[in-house]
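Submitted below is the structure of interest, expressed as structure tokens.
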Amino acid sequence: MTPICQTFIDHPAAWTARELGSRRALERPLKQAELDDLARLLDETAGKAPQAVTRDDVRQPALVALLDELRETLMRGRGAVLLTGLDPARHDPEQLERIYWALGTHLGEAAVQSHAGDRLGRVERDDKDPVARGYRSAGELVMHTDSYEVVGLQCIRSAAHGGQSALVSSLAIHNALLREHPDLLPALYEGYYLAIPEARLGSKPVTDEKIPVFCCVDGQVSCMYAGSFMREAARQKGTPLPGRLAEALEAFSRAAEREDLALRFMLAPGEILLWHNFTNLHSRTEFEDDEQHRRLLLRLWLTVPQGRPVAPEFGVRGAAYARVYRERLSSGAA
């Protein structure tokens, strides 16, 4: 277990909704020079499939400067940015995907997200898959982290109703717990096992090691929170969660939903939300589609070379998705 941080975190990534006020504080509108370079990028890569675009294709000066700025914001600044200015009336869904993927190639390397090996996830309702994970449903997704260092969501289509997004700084949650429930922090630093989604029959249904909720490495606090996966791991193991951990998870979840901490907003078509997964949690409200409005977002999970120093256990969850994919390939099911 890493040392427990016992001082309040004073850093741009420890933001609160009360301080930011609205989503406008996260917005980064695209400038005309950047839009012009994106148009050049689309022309120069028109013969490639969107996910065949590589980092070497993104060499336009205004785009390179933009991506340096975004990386600085994500890695050393507030840890979240909302890129606006892409007009879906001018760009079809394939062009939006091409732009999104191209930006991702400069921020990190796209990671496997499911047993199917997809590296660009489609976040939409899928009633045909009875065991679809939460992001393929229309139900509410409570505050959580994903599996890799940087996460992106690009809105292609909005739902008819609902689907509000939210972010909350995990560093602000740490500050709140240190102030109000310092006795619960040790249980969160120790953590617990996680259930492994999509594990094949005969595979291990839970991780071999405990995954901490908080860690402090090189003086930097980071977070990986998946309370539902911890509770499912306890069910799989046939044992209750340790008492202090169960209490700590409840306190964590309450803090994550506080109106003074969590920033809630809608994503419009064309907008791209990027955040550092180890300093922010995200959620989504229930949504409803109709024939004219079928919600679709594209998700990126990005590994980041020379990224934030974190406990090695933070890599276990993402590695489980890659392992499940490899098992599927070796079985001939892919």
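The values are calculated or read from the model by the stated rules, or taken from the named source; none is laboratory data. All figures in this text were calculated on a predicted structure; none of them were measured in a lab. FYI the Cβ positions are ideal-geometry reconstructions off the backbone, even for glycines, and counts take in every protein chain you see. Ligands, DNA and RNA are stripped out before the accessible areas are found, and what is left, the full protein with its side chains, is counted by its heavy atoms. Shrake-Rupley method; radii C 1.70, N 1.55, O 1.52, S 1.80 Å.
So how exposed is VAL112, as accessible area in Å² (1.4 Å probe, rounded to 10)?
Spelled out: VAL112, probe radius 1.4 Å, area about 10 Å².
Of the options LEU241, ALA62, LEU35, report the single residue whose Cα projects farthest towards the positive end of the charge dipole of the chain (beta-carbon charges: Lys, Arg +1; Asp, Glu -1).
After comparing all options, I get LEU241.
Still on this structure, I have one more. Nearest 5 percent is fine: what portion of the DSSP beta bridges confined to the chain is antiparallel?
Details: 39 of 42 bridges.
Roughly 95 percent of the DSSP beta bridges within the chain come out antiparallel.
May I pose another question? How much solvent-accessible surface does ASP260 expose, in Å² to the nearest 10, with a 1.4 Å probe and all protein chains in place?
40 Å²
How far apart, in nm, are two points set 7 Å out from the Cα along the Cα-to-Cβ line at SER22 and at ARG76?
3.1 nm
Provide the gained length on full extension for the span GLU109 to ARG90, in nm with one decimal, where the gain is 0.36 nm per separating residue minus the Cα-Cα distance.
On the way: separation 19, 0.36 × 19 = 6.84 nm, distance 2.78 nm.
The span from GLU109 to ARG90 would gain 4.1 nm if fully extended.
Can I ask one more? Can you list the aspartates and glutamates whose alpha carbon is less than 19 Å from that of LYS31, not counting same-chain residues fewer than 8 positions off?
Hits, sequence-local ones excluded: ASP43, ASP68, GLU69, GLU72, ASP87, GLU271.
Moving to a separate point now. Under a 1.4 Å probe, what is the accessible area of the chain per residue, stated in Å²?
Result: 45 Å² of accessible area for each residue.
For the chain, find the longest principal axis of its Cα atoms and tell me its angle to the long axis of helix 243-256, 0 to 90°, nearest 10.
Here the helix axis deviates by roughly 30 degrees.
Which of the aspartates and glutamates could a cross-linker bridge to LYS204, judged by Cα under 18 Å and excluding same-chain residues fewer than eight apart?
Output for LYS204: GLU232, GLU313, GLU327.
Using a 1.4 Å probe on the protein chains only, how many percent of the accessible area of the chain belongs to carbon and sulfur?
On the way: 7500 of 15100 Å².
So the carbon and sulfur contribution to the accessible surface is 50 percent.
Which of the listed residues, ALA195, ALA268, VAL151, is farthest toward the dipole's positive end in the chain, when Lys, Arg count +1 and Asp, Glu count -1 at the beta-carbon?
Working it through, the farthest residue towards the positive pole turns out to be ALA195.
Ranked from the most accessible area to the least, with a 1.4 Å probe and all protein chains present, what is the order of GLU271, GLU180? It would help to have the intermediate numbers written out before the result.
On the way: GLU271 25, GLU180 90 Å².
Sorted descending by solvent-accessible area, the residues read GLU180, GLU271.
For the pair ALA319 and GLU44, what calculated FRET efficiency results from E = 1/(1 + (r/R0)^6), where r is the Cβ-Cβ distance and R0 = 30 Å, to the nearest 0.05?
Once the sixth-power term is evaluated, E becomes 0.30.
Using a 1.4 angstrom probe on the protein heavy atoms only, could you order ARG323, ARG231, ARG179, ARG299 from most to least accessible area?
Highest to lowest solvent-accessible surface, that is ARG179, ARG231, ARG323, ARG299.
List the residues of region 250-275 whose backbone N lies under 16 Å from a point placed 7 Å from the Cα of GLU180 along the Cα-to-Cβ direction.
250-263
Let me ask another. Got a sec? What order do LYS31, LYS210 fall in by accessible area at 1.4 Å, biggest, i.e. largest, first? Working shown, then result.
Values: LYS31 120, LYS210 70 Å².
Final ranking, largest accessible area leading: LYS31, LYS210.
So, one more: So if R0 is 22 Å, what FRET efficiency would ALA33 and MET266 give, r being the distance between their Cβ atoms, rounded to the nearest 0.05?
0.20
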